[in-house]
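The values are calculated or read from the model by the stated rules, or taken from the named source; none is laboratory data. The model shown is predicted, which means the values in this text are computed figures rather than measured ones. Quick reminder, even Gly has a Cβ in these numbers, built from the backbone with ideal geometry, and neighbours come from all protein chains shown. The protein model used for the area step is the full one, side chains on, heavy atoms only, and it has no ligands, DNA or RNA in it. Shrake-Rupley method; radii C 1.70, N 1.55, O 1.52, S 1.80 Å.
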Amino acid sequence: MKKQETKNRNSPFQAYTNILNYIYITGFLILATTLFYFQVIKGDYFSNRAQKNYVRPMLIRAIRGSIFDRNGKTLAYDKAVFNISVIPRQIYKEKESLFKEISIFSNYDKKNIERNYKKNFENLYTPVDIITDIDKSLALKLKERFGDNIIVNPQPQRYYPYSYSSSHLLGYVKEARIFYDQLKQYGYNPLERVGFLGIEQFYDAYLRGEDGGDLLEVDAKGREVGFLGKRLPKKGKDLYLTIDADIQESAQKTFEDKTGVLILMACADGEIISLYSSPSYNPNNFITGGKTSVFLNDPKSPLLNRSIQSAYPPGSTFKPVLAIAGLEEKKITPYTPFFCNGEYTLGNARFRCLKSHHQQNLYQAIAHSCNVYFYHLALLLGPRSISKWSIRLGLDSYTNIDLPHEKKGFIPTLSWKKKFLKQNWYAGDTLNLSIGQGYMQTTPLGLARAINCIATGGVMVTPHLLKRADDLSPWIDTSKTLDIDKKNSNTIALAMRETVSSDSGTAHMLEDLNLGLAGKTGTAQTGKESHGWFIGFFPFEKPKYLICVVLEHGGSSHNAVILTHKFLEDIKQQGLLF
Amino acid sequence: MRILKTFQLKFSGFKTIAICLILLNSLSLASIFSSLHQAGKFTGEDILLKQMIWIAFSWFMLIIFSFINFRVYFNSAYMIYAINIILLVIVLFFGKKVMGAQRWISIFGFTFQPSELSKAAIIIILARYFSLNSKSFIKGFLIPFSLVVLNALVIIKQPDLGTALILFFVFFIMGFFSKVNKLYFILTLSLGLLTSPFIINSLKYYQKQRLMVFINPNADPLGAGYTIIQSKIAIGSGGVIGHGYLAGTQNQFNFLPERHTDFIFTIIAEEWGFLGVILLLMIYWFILKKIIQQLLNCRDLFAFYLIVGISVLYFLHVFINIGMTLGILPVVGLPLIFLSYGGTNLLINYILMGIFLNICQNQR
């Protein structure tokens, strides 16, 4: 033994043996290290990937809650459509020919199939929708023809029967993956539907329901080899709105292609009976993949809900606010006269009126919309007082309507002008403010709420669309009451009644409707054509409805009054008022 | 009785290797069984049976070759080389096509892959040339190199890139240990690396795919990269202790292609985990260690070069095969010695082991 070792040590091949030894050791160490990295360090990661390989969740979508109007008419519901999907791993080799055959068989454009495949592809083992939204008979025919190569799955699809008329109220649904970054913390799945805009977005948590699904065990070709579990989907909750779908339709019919806003609200509790923003869009197009570019590229921005997202100068419709301030601050009585000679001179500047109204009291001034009267009143009140009352009436705050993306109005103040425009407040600013011009802007709903507050003697309602929902307590009235003298509010109601009832009133043409309407018109000057306003309520003794019409760049208030007439006449004839 | 005595004497130093080989045989059969076992059913009786026959036959041939004096190969090196080339050419014209490659000759239902024979033939003929101890460029380098190139060209034509590459690797390592000027080898190697872009250009489509995939396996998850991704997932998911026998999901649910042949390692790694594969690497290491220890006993250059060639061949198969399943080397289609399904490879490796045994006895 000893001898052999000595011999070994003297072997001429000792060096070579060592070299080979080192090469092999290095090689094995490389392998062992890599294996250590893959199996020990990254083991969990690969286990996870392995699991994803063979466990396939088959989503069963929850049926979303339906939305009904105040009379139980359906505004939105899920209908069943059929989707055709394929498993990429399974059809990988024959993809081209399969798509071609499906295309010929179903008369569905091959390019669309390929586009859908690319768009919906997630991984090799998750079914990919290639054709969506087909009827049952075609789906069954396809299944018969292509067998295991395709999967037919019924899917709930959102449908809005009152397509254009209620789109701003309802919004629509989108796939959650678009907003997945924000939504994942709330437990959304990227393929789930999520409400976008309107009621669909605001009450998504109620409407949503819970998706269910089957958990299947599959082999490498995507064939089902075992069943791991099932979870039944839970239907979302139904919502009942304060909206009247027929009045919505009527509003849409009234506007035709004009741009503007129409709001019909219950005075007592702020229930929105109709809220229409024109132009409108068809939400169904966003769901079925129909044409949406017409809506997205229209310069009139149909997607904008003007009632809560646009702020306009209120023009003369602001005057009742000034009047209540004057009466409450005891600067005037209803019969305090001011003389109007058609214009008001302040320094070198002349502030015009519509015409020379001569002597005017409050009733006449509101009925005739006399600017000079309100110039005098504004100077008596002073800008601080005007701002204070505007703010008290909520013109610079959110109405907190149950819709997303609400904007608020803007009331200029002395300190604001100083700070942001680096200018002093001039008397001219006060005059501009008094007739709702200049820096001031209000949303239609914001001004409607303020006028409603004056009409009802101080009730600041929270406008809302939700009446009740399954398993959800009914709407809690969150209206506040402002401390306004009933006598004063009655005075203004009477004055606004004059606008309609008096022969010389600016909205006299509405009198023939016999609704006991009181109101105020407004023409808000802009750089371009003026916006026309009409805000009114009826019956004036005990207001039930408040109506607000804005005609964007409609020329003058007269056009807004014509529109109001058309609308009220229509719903009155249909007997839609209760 | 005398025969038994000779046997005892013959195999006394062979115990470790024999135990290792038997362990590998068992693991091979178990893993092939597992790879053909799906959804609780076993579908490949004939494959398992064939492999058993091949194992038995290989052991028999190992013993036979251990009795043949290795010196015989010195004289018959040319003949073996020529037979090998002829068989390869026959394959090119009459061979059986399996998965796009024409590598097999079919005899009585058993297929034979002559490119495996090349590995042995090249080791023998190189051992002969280098053992002449010539320092001349022509005898010590040019002729052996040309023989390798010729053989490799016929193999690449099949196409079998892995085997062709192995031949070159064996040539370079054996050459480095010879008396010939090392510069020749270095220059040739550099030249080879420099021209490799052109060689890659002339490769078959699937070979190019496999090389591209090696660079980025995620580029084409359903194409050639699929194999590597699935193989990595299978190996990684094995974790430290593995899923247990017949419980690997990647294997059982059919996610791994070619898994009883070139990718058998993934089954083992998935089922037995890190501990299992380290044990496997140790078994290979014992075999290699035993073989190179024998170099110290060599008193004959021909024996020396044969042993170097055999050990390098074994090592390269283990390293390249496991390396490719891990994605650190390109997928070139080499089996894992003693484990992968495939008779010719097993047979040739056992014959080489038999030759090694014979050298051990002769050099003692």
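Worth pointing out:
- Residue tally, condition more than 23 Å from A:Asp429 (Cα to Cα) and open to solvent by 40 Å² or more (accessible area, probe 1.4 Å), over region A:338-362: 2
- Screening the candidates A:Lys93, A:Lys79, A:Lys52 for the property of being in contact (Cβ under 8 Å) with a residue 40 or more places away in the chain, surrounded by fewer than 21 Cβ atoms within 10 Å (Cβ to Cβ), part of a helix (DSSP H, G or I) and more than 7 Å from every other protein chain (Cβ to nearest Cβ) yields one hit, A:Lys52.
- The set of residues from region A:407-428 being among the aliphatic types (A, V, I, L, M), crowded, with 17+ Cβ neighbours inside 10 Å and farther than 24 Å from A:Met496 by Cβ is empty.
- In region A:389-428, the residues that are in a helix (DSSP H, G or I) and either in contact (Cβ under 8 Å) with a residue 24 or more places away in the chain or of a type in the set (Gly, Ala, Ser) (or both): A:Trp389, A:Ser390, A:Arg392, A:Leu414, A:Ser415, A:Ala427, A:Gly428
- Unmet criterion (only one of (1) at the interface with chain A (Cβ under 9 Å from one of its Cβ atoms); (2) in a loop (DSSP other than H, G, I, E, B); (3) touching a Gly at 6+ places or on another chain (Cβ under 8 Å)) for B:His260: (1)
- Considering (1) facing another protein chain (nearest Cβ under 8 Å); (2) within 24 Å of A:Val218 (Cβ to Cβ); (3) over 21 Å from the mean Cα position of the chain (by Cα); (4) not β-branched (Val, Ile, Thr), the lone condition that B:Gln252 does not fulfil carries the number (1).
- Restricting attention to region B:298-324 and to residues that are open to solvent by less than 20 Å² (accessible area, probe 1.4 Å) and farther than 19 Å from B:Asn349 by Cβ, the residue that is farthest from the other protein chains (Cβ to nearest Cβ) turns out to be B:Phe302.
- The number of residues in region A:429-470 that are open to solvent by 20 Å² or more (accessible area, probe 1.4 Å) and in a strand (DSSP E or B) comes to 4.
- Residue selected from region B:15-56 under the condition open to solvent by 20 Å² or more (accessible area, probe 1.4 Å) and hydroxyl-bearing (Ser, Thr, Tyr), by the criterion modelled with the lowest pLDDT: B:Thr43
- Some residue of region A:206-229 being touching a helix residue (DSSP H, G or I) at 6+ places or on another chain (Cβ under 8 Å) and acidic (Asp, Glu): yes
- Residue count, region A:492-505 (criterion: surrounded by 20 or more Cβ atoms within 10 Å (Cβ to Cβ) and modelled with pLDDT of 90 or more): 8
- Taken together, the residues in region B:232-250 that are within 10 Å of B:Ile267 (Cβ to Cβ) and assigned to a helix (DSSP H, G or I) amount to 3.
- Of the residues making up region B:121-155, those that are open to solvent by 10 Å² or more (accessible area, probe 1.4 Å), of a type in the set (Gly, Ala, Ser) and either closer than 24 Å to B:Phe70 by Cα or in contact with a Phe, Trp or Tyr (Cβ under 8 Å, 6 or more places away or on another chain) (or both) number 2.
- Scan of region A:520-578 for residues that are free of Cβ contacts under 8 Å to residues at least 12 places away in the same chain and of a type in the set (Gly, Ala, Ser), ordered by number: A:Gly527, A:Gly575
- The set of residues from region A:14-35 being open to solvent by 40 Å² or more (accessible area, probe 1.4 Å) and either modelled with pLDDT of 95 or more or more than 7 Å from every other protein chain (Cβ to nearest Cβ) (or both) comprises A:Ala15, A:Asn18, A:Ile19, A:Tyr22, A:Ile23, A:Ile25, A:Thr26, A:Leu29, A:Ile30, A:Thr33.
- When we screen A:Asp470, A:Asp483 for residues that are at pLDDT below 90 and either more than 34 Å from the chain's Cα centre (by Cα) or closer than 30 Å to A:Leu207 by Cα (or both), the only hit is A:Asp470.
Each row is one residue, and each column tells you yes or no for (1) within 30 Å of A:Glu249 (Cα to Cα); (2) of a type outside the set (D, E, K, R).
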position: A:Tyr24; (1), (2): no, yes
position: A:Arg49; (1), (2): no, no
position: A:Ser66; (1), (2): yes, yes
position: A:Arg70; (1), (2): yes, no
position: A:Ala76; (1), (2): yes, yes
position: A:Ser85; (1), (2): no, yes
position: A:Glu101; (1), (2): no, no
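- Residue in region A:547-563 that is farther than 26 Å from A:Lys73 by Cβ, touching a Phe, Trp or Tyr at 6+ places or on another chain (Cβ under 7 Å) and at pLDDT below 90 present: yes
- The number of residues in region A:544-570 being open to solvent by less than 50 Å² (accessible area, probe 1.4 Å) and touching a strand residue (DSSP E or B) at 6+ places or on another chain (Cβ under 8 Å) comes to 18.
- Test: A:Ser250 is away from chain B (no Cβ under 14 Å), closer than 30 Å to A:Ala455 by Cα and modelled with pLDDT under 90: no
- Comparison of A:Gly522, A:Gly516, A:Gly575 shows that the only residue that is touching a Pro at 6+ places or on another chain (Cβ under 8 Å), more than 27 Å from A:Ala311 (Cα to Cα) and not assigned by TED's automatic domain parsing to the domain that holds A:Lys355 is A:Gly516.
- Check on A:Ile60, modelled with pLDDT of 90 or more and surrounded by fewer than 21 Cβ atoms within 10 Å (Cβ to Cβ): no
- The set of residues from region A:128-152 being under 32 Å from the mean Cα position of the chain (by Cα) and crowded, with 17+ Cβ neighbours inside 10 Å comprises A:Val128, A:Asp129, A:Ile130, A:Ile131, A:Thr132, A:Ile134.
- Within region B:282-293, restricting attention to residues that are at the interface with another protein chain (Cβ under 9 Å from one of its Cβ atoms) and open to solvent by 10 Å² or more (accessible area, probe 1.4 Å), the residue that is modelled with the lowest pLDDT is B:Gln293.
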